[in-house]
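Structure first, commentary second.
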Amino acid sequence: MRASEFSAHASRQIFWSAFAITLVLKITVAASFPFTGDEAFFYQWGVFPAWGYSDHPPMVGWLLAVLRQISEHPLVLRSFTLIVTSVIALGIVDALRRFLPDERESSAWLAGAVYLAMPWSWMFVLVTTDTPLIFFMALSAWAYLRADTSTTRSAPWYALAGLFLGLAFLSKYFAALLGFAYAAHCFGWRRERWWAPFLIFALALPSIALNVAFNATHGWTNVMFNVFNRNEGSAWSFKTFGVYVGMAVYLLTPWLLWRSATSRAAPGTSATTRTTLAVLWLFPLVVFALLSTRRTIGLHWVLGFVPVFVVWAGLRLEARPLRSALNWTVALSAPHLLVVAAIAWAPLAWWQPFKIHDRAVFLRDTPAVVAALRQDLPAGATLMARTYNPAGMLAFHHGAYVPVFGVGRHHARQDDQIVDFRVYDGKPIRVFLYDEPVLAEFAPYFERVSVKRFEVEGVAFFAVDGVGFRFQAYRDGVLAEVAREFHDVPLWLPVLGSPFCERYGFVACSPAPARLK
């Protein structure tokens with residue numbers, strides 16, 4: 001390549017081209033990709049605003065509560081999400097332009113372009129708890145870096161980092177890892193600023209206190225899910241560790257990780273800043289590595305630390321290897337784009353040879369499923385589903401909340417907070433299922449049951465019609481198991497309230513006076 005191809009002007013043009021192309025791509029995907037089960041589940045948080053929810057802190061629910069006032073079209077509901085990685089790319093460029101000498105400005109623009117080209121950047125359009133998490137983590141890290149490089153007015157930047165960290169914590173608990181990384185950095189490499197983690201914590205504390213107050217008065221629902229219920233049965237596993245290592249390399253991209261790790265740091269950059277960035281992305285990934293020896297680490301858990309890695313790589317690499325990394329990353333994105341296109345737009349007949357054909361039809365044609373379920377729906381009947389994923393999607397298109405009938409799993413237990421099965425006593429219920437039901441599983445909870453079979457796009461779906469719901473039998477047979485499995489709060493946690501347990505009279509998980517009787 002000619003030297004002119006690495007000029008700041010040429011690199012700037014590459015960045016803005018990548019910015020425009022990926023933004024248009026994200027808008028296209030956001031407008032046309034089917035609304036997913038997780039999105040539909042979190043959408044219900046926005047329909048029923050609260051200061052806390054079942055699995056995670058409330059930020060995405062608050063976000064959706066605002067966006068749905070504009071429109072319930074998926075493009076509007078996803079509008080904030082689709083700009084997140086674009087804004088982060090601008091932050092990457094801004095940070096690197098501050099840290100790099102003028103003659104290396106091209107590296108800043110190319111690093112931003114590499115981030116935009118990563119598949120998980122332009123595919124980041126679905127609105128989930130990761131939306132506000134990654135956004136506020138990036139803002140917090142940006143403010144922390146400003147503080148770390150400031151010699152006179154670092155305290156306001158540390159305070160801002162703490163404020164954004166608190167908002168990230170109100171999005172998802174994984175944000176705490178970034179806070180621990182701040183502490184590790186200050187206590188290990190910035191000891192003259194030993195006070196900074198305490199200032200950061202003080203500004204994050206209001207958000208933490210809000211979440212603790214909600215948990216204490218709602219059966220510690222976030223803590224039970226994230227600390228206890230989802231980790232039951234975990235055991236040491238080399239397989240999960242190996243999968244995590246492969247996933248981390250995949251997310252950071254092998255070429256960018258290898259070149260930045262093995263290359264001598266490019267001239268003109270501060271060793272202190274390089275160390276700061278290394279700690280901020282390596283510390284959380286090492287913690288995840290330790291956790292992966294006992295449980296599966298989700299790919300999305302790591303996404304919030306990728307921008308910091310890209311800034312670190314941009315500091316270490318010259319323009320030529322960054323341009324090469326950009327080419328490889330674009331090539332990596334190509335098959336991902338084909339998969340997204342197949343899911344969103346390929347004829348449903350293409351999926352017939354695969355086991356997921358029925359799920360593909362349900363995802364793409366949920367309105368038709370809802371229409372079939374509404375046909376001959378008994379007067380006063382409530383539509384339900386067996387698991388949270390179809391329940392959320394049916395609710396989104398049905399225009400009414402769809403509870404989960406049965407014990408369910410440890411995920412997505414928002415029903416425990418807001419649904420009162422007592423109101424259905426004696427009434428008809430229609431329960432959606434993907435597969436043909438076993439009526440014996442439903443018979444104890446109704447006066448009589450029957451099966452409804454219907455087809456959409458040639459795929460058979462089912463529903464159980466239950467007449468005369470028997471609440472007491474359901475309370476003793478299903479809700480009691482839910483209380484034992486998912487609301488067994490440790491005695492050392494002070495339970496000041498538990499809507500589920502108090503509603504149904506389960507003393508063992510109710511507030512302390514009842515528990516101690």
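Scan the stretch 146-168 for residues that are closer than 21 Å to Leu277 by Cα, open to solvent by 10 Å² or more (accessible area, probe 1.4 Å) and assigned to a helix (DSSP H, G or I) and the total you get is 10. Taking the stretch 1-87 as the region of interest, none of the helices (runs of 4 or more DSSP H) fully inside it holds 1 or more residues being without any contact (Cβ under 8 Å) to a residue 12 or more places away in the chain, surrounded by fewer than 16 Cβ atoms within 10 Å (Cβ to Cβ) and at positive phi. Screening Gly188 against (1) over 21 Å from the mean Cα position of the chain (by Cα); (2) surrounded by fewer than 17 Cβ atoms within 10 Å (Cβ to Cβ); (3) under 30 Å from Val419 (Cβ atoms); (4) modelled with pLDDT of 95 or more leaves a single unmet condition, (3). Within the stretch 330-355, the residues that satisfy the criterion of being farther than 14 Å from Val29 by Cα and either surrounded by fewer than 12 Cβ atoms within 10 Å (Cβ to Cβ) or among the hydroxyl-bearing types (Ser, Thr, Tyr) (or both) are Ala331, Ser333, Ala334, Pro335, Pro347, Ala349, Trp350, Pro353, Phe354, Lys355.
Scanning the stretch 123-139 for residues that are assigned to a helix (DSSP H, G or I) and open to solvent by less than 10 Å² (accessible area, probe 1.4 Å) yields a total of 5. Considering every residue within the stretch 210-225, establish whether at least one is open to solvent by less than 20 Å² (accessible area, probe 1.4 Å) and part of a loop (DSSP other than H, G, I, E, B). Scanning the stretch 210-225 turns up at least one residue that is open to solvent by less than 20 Å² (accessible area, probe 1.4 Å) and part of a loop (DSSP other than H, G, I, E, B). Restricting attention to the stretch 453-489 and to residues that are in a helix (DSSP H, G or I) and not hydrophobic (A, V, I, L, M, F, W, C), the residue that is most open to solvent (accessible area, probe 1.4 Å) turns out to be Arg484.
Of the candidates Thr131, Thr151, the single residue that is closer than 15 Å to His56 by Cβ, hydroxyl-bearing (Ser, Thr, Tyr) and out of contact with any Pro (no Cβ under 7 Å at 6 or more places or on another chain) is Thr131. For the stretch 97-111, the condition holds for no residue, the condition being that it is closer than 26 Å to Ala209 by Cα and either without any contact (Cβ under 8 Å) to a residue 60 or more places away in the chain or touching a strand residue (DSSP E or B) at 6+ places or on another chain (Cβ under 9 Å) (or both). Looking only at residues that are modelled with pLDDT of 95 or more and open to solvent by 10 Å² or more (accessible area, probe 1.4 Å) in the stretch 497-517, which one is nearest to Asn211 (Cα to Cα)? Selected residue: Pro499. Of all residues in the stretch 90-97, one or more are over 26 Å from the mean Cα position of the chain (by Cα) and open to solvent by less than 10 Å² (accessible area, probe 1.4 Å). For the stretch 110-117, the criterion of a residue being open to solvent by 20 Å² or more (accessible area, probe 1.4 Å) and modelled with pLDDT of 95 or more is satisfied by no position.
Select from the stretch 208-255 the residues that are free of Cβ contacts under 8 Å to residues at least 60 places away in the same chain and in contact with a Gly (Cβ under 8 Å, 6 or more places away or on another chain) and list them in ascending order. Across the stretch 208-255, the qualifying residue is only Ile208.
Scanning for something within 24 Å of the chain's Cα centre (by Cα), at pLDDT 90 or above and under 22 Å from Tyr144 (Cβ atoms), does the stretch 251-265 turn up at least one residue? For the stretch 251-265, residues within 24 Å of the chain's Cα centre (by Cα), at pLDDT 90 or above and under 22 Å from Tyr144 (Cβ atoms): present. Just a yes or no: is a residue in the stretch 134-154 more than 19 Å from Val311 (Cβ to Cβ) and modelled with pLDDT of 95 or more? No: zero hits. Summed over the stretch 298-329, the residues that are open to solvent by less than 10 Å² (accessible area, probe 1.4 Å) and either out of contact with any helix residue (DSSP H, G or I) (no Cβ under 7 Å at 6 or more places or on another chain) or assigned to a loop (DSSP other than H, G, I, E, B) (or both) give a count of 1. Looking at Leu280, is it within 12 Å of Val306 (Cα to Cα) and open to solvent by less than 30 Å² (accessible area, probe 1.4 Å)? Yes. Which of the following residues is touching a Pro at 6+ places or on another chain (Cβ under 7 Å), in a helix (DSSP H, G or I) and surrounded by fewer than 22 Cβ atoms within 10 Å (Cβ to Cβ): Ala183, Ala143? After ruling out the rest, the residue left standing is Ala183.
The values are calculated or read from the model by the stated rules, or taken from the named source; none is laboratory data. If you're wondering where the values come from, they're calculated on a predicted model, not measured in any experiment. All Cβ positions, even for glycine, are placed from backbone atoms using ideal geometry, and neighbour counts span all protein chains on display. Note: areas computed on protein heavy atoms with side chains; ligands, DNA, RNA excluded. Shrake-Rupley method; radii C 1.70, N 1.55, O 1.52, S 1.80 Å.
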